[in-house]
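Everything below concerns the one structure shown next.
The values are calculated or read from the model by the stated rules, or taken from the named source; none is laboratory data. On a predicted model such as this, the values are computed, not experimentally measured, just so you know. For neighbour counting, all protein chains shown are included, and Cβ atoms are generated from backbone atoms with ideal geometry for every residue, glycine included.
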């Protein structure tokens, strides 16, 4: 995996294709896969943890002012992309993280709580799709693993590795082969980037 860094669109998907490193056991290097850039034979997935949450409701908190600012930063970062699907959990903090992006792209956020169901939804997206999923500190590593990758710099949680509690700026970008496009594994590229304030 490439080291984390800040990247601005519209060069994001070009970075995936040109600068990403092939994962061990990948079905084919990018040079042998057609098309050479994301498009008809691929699915692009952006994974983020929800933005900063408030302490207003311990069961289902909303975002803080900083969190709302990060949500806007995410929408601005992905503005050049043609997003086709948005996914979050039913909790307010993940839905609010995607709200500015949903408004800008004229999309409805699909809510799914179960991580396995989220992974299945991502893996079953049609060719050419670009999805964004907002999860939680304990689900984002599981989502990356479910897509065939691995997350570094995690801490031990009750149910497995999770992101640091104060880590809100990590953005994972996975380039997958479309369903039935190539044999397993589906993951062609995985980048970890940073967005918004540290």
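Has region 65-86 got at least one residue that is out of contact with any strand residue (DSSP E or B) (no Cβ under 7 Å at 6 or more places or on another chain), free of Cβ contacts under 8 Å to residues at least 12 places away in the same chain and on the phi > 0 side of the Ramachandran plot?
Looking through region 65-86, none of the residues is out of contact with any strand residue (DSSP E or B) (no Cβ under 7 Å at 6 or more places or on another chain), free of Cβ contacts under 8 Å to residues at least 12 places away in the same chain and on the phi > 0 side of the Ramachandran plot.
Test of understanding: among 16, 86, 74, which residue is surrounded by 15 or more Cβ atoms within 10 Å (Cβ to Cβ), under 15 Å from the mean Cα position of the chain (by Cα) and at pLDDT below 50? Don't jump to the end; show me each part of the working.
Values: 86 fails: at pLDDT below 50; 74 fails: at pLDDT below 50.
Checking each option against the conditions leaves just 16.
In this structure, does residue 69 turn out to be modelled with pLDDT of 50 or more, farther than 23 Å from residue 141 by Cβ and assigned to a loop (DSSP other than H, G, I, E, B)? Before you say what the answer is, go through the steps one by one.
Working: modelled with pLDDT of 50 or more: yes; farther than 23 Å from residue 141 by Cβ: yes; assigned to a loop (DSSP other than H, G, I, E, B): no.
It is false that residue 69 is modelled with pLDDT of 50 or more, farther than 23 Å from residue 141 by Cβ and assigned to a loop (DSSP other than H, G, I, E, B).
Of the conditions (1) more than 18 Å from residue 86 (Cα to Cα); (2) outside any strand (DSSP E or B), residue 188 clears all except one; give me its number.
(2) is the only condition that residue 188 fails.
Mind listing just one residue for me: the one in region 89-109 that is touching a strand residue (DSSP E or B) at 6+ places or on another chain (Cβ under 8 Å) and outside any helix (DSSP H, G or I) and, of those, surrounded by the fewest Cβ atoms within 10 Å (Cβ to Cβ)?
108
Quick one: is residue 121 outside any helix (DSSP H, G or I), touching a residue at least 12 places away in the same chain (Cβ under 8 Å) and either in contact with a strand residue (DSSP E or B) (Cβ under 7 Å, 6 or more places away or on another chain) or crowded, with 21+ Cβ neighbours inside 10 Å (or both)?
It is false that residue 121 is outside any helix (DSSP H, G or I), touching a residue at least 12 places away in the same chain (Cβ under 8 Å) and either in contact with a strand residue (DSSP E or B) (Cβ under 7 Å, 6 or more places away or on another chain) or crowded, with 21+ Cβ neighbours inside 10 Å (or both).
Can you tell me which residues in region 144-161 are out of contact with any helix residue (DSSP H, G or I) (no Cβ under 6 Å at 6 or more places or on another chain) and either assigned to a loop (DSSP other than H, G, I, E, B) or surrounded by 21 or more Cβ atoms within 10 Å (Cβ to Cβ) (or both)?
Within region 144-161, 144, 147, 148, 149, 150, 152, 153, 158, 159 qualify.
Would you mind finding the one in 52, 81 that is at pLDDT 50 or above and more than 20 Å from residue 151 (Cβ to Cβ)? Please lay out each step first, then the result.
Details: 52 fails: more than 20 Å from residue 151 (Cβ to Cβ).
Of 52, 81, the one residue that is at pLDDT 50 or above and more than 20 Å from residue 151 (Cβ to Cβ) is 81.
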